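Colleague: Have a look at this one.
Read-outs throughout are calculated quantities, based only on the coordinates presented, and are distinct from any laboratory measurement. Keep in mind the model is a prediction, meaning the values are calculated, not measured. Positions of Cβ are backbone-derived with ideal geometry, glycine not excepted, and every protein chain shown enters the neighbour counts.
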Amino acid sequence: MSGLFITIEGPDGAGKSSVVKRLVKAIQEATTKPLIVTREPGGSEIAERIRDILLDPIHTVMDDRTEALLLAAGRRQHVVEKINPALERGDIVLCDRFVDSSIAYQGQARGIGIEEVKAINEFAIEGLRPDLTIYLDVDAQVGLNRIKDKSSNRTQDRLELEEVAFHEEVRRGYLALIKAEPSRFVTVDASQSEEKVFNEVWEIVKEKL
Ligand code: TYD
């Protein structure tokens, strides 16, 4: 595959959406290569329908392994339908969350186990790896406070509604992943201003283009 696969990760409230928005603009100004911007859960029609099931706060009875399997199923469809074809064409793919989210949220925070979640995802992605993963690091409580501020005009999803202890485990999961695979990750301190965070991210991405 000749394209470039970049993923953005981080706990809830790390500010991924605003970084992605600015990154899209900057990449489009810097190169003529086609850019595919996508996200998980979701990213294709089927996977977006699975996303709705996953995030609906009404689904309080959802089993942890069901959650992990639905995420992996949506991911499979997203990879086959959208990510792989784009990378085969040589496009740049910028994806808001990918497998690392499942390892951190389901493997670590839900307590299913990192190896178990890696295994079901391997079945889904068949060896696909991001070329670069930007990890926006933020303290769990700081992230949650940001979401609560934002949620005055939108409702929180099923995972955002988890307690701070859950989000602390999410962060612990990410930090373990980075320790295990330091060359793929770049960590940016997301407690800084939006401007500063974006500038740091851009310096890293620019090098890869
Ligand atoms: P996200 O789309 O980043 O949230 P928002 O658009 O509201 O900022 O992700 C939705 C939630 O799904 C988030 O709490 C993280 C969770 N998630 C997992 O638990 N596992 C996964 O594999 C993925 C991709 C997301």
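Colleague: Taking the inverse of the average 1/r across all pairs of different Cα atoms in the chain, what Kirkwood radius in Å do you get?
Modeller: Evaluated on the chain, it is 17.3 Å.
Colleague: Follow-up question, since we're still on this one. Over the chain, what is the relative contact order in whole percent, taking alpha-carbon pairs under 8 Å and six or more residues apart?
Modeller: Relative contact order of the chain: 34 percent.
Colleague: Same structure again: Could you tally the net charge around I134, taking each other residue with its Cβ under 13 Å from the Cβ of I134, Lys/Arg +1 and Asp/Glu -1?
Modeller: -3
Colleague: Here's a follow-up. Using only helices, what value at 222 nm comes out for the chain when you add -39,500 (n - 2.57) per DSSP H run of length 4 or more and divide by the total residues, to the nearest 500 deg cm²/dmol?
Modeller: That comes out to -15500 deg cm²/dmol.
Colleague: Separate question: Among the listed pairs K82/K208; K33/K196; K148/K196; K33/K150, which have their C-alpha atoms separated by more than 28 angstrom in this model?
Modeller: K33/K150
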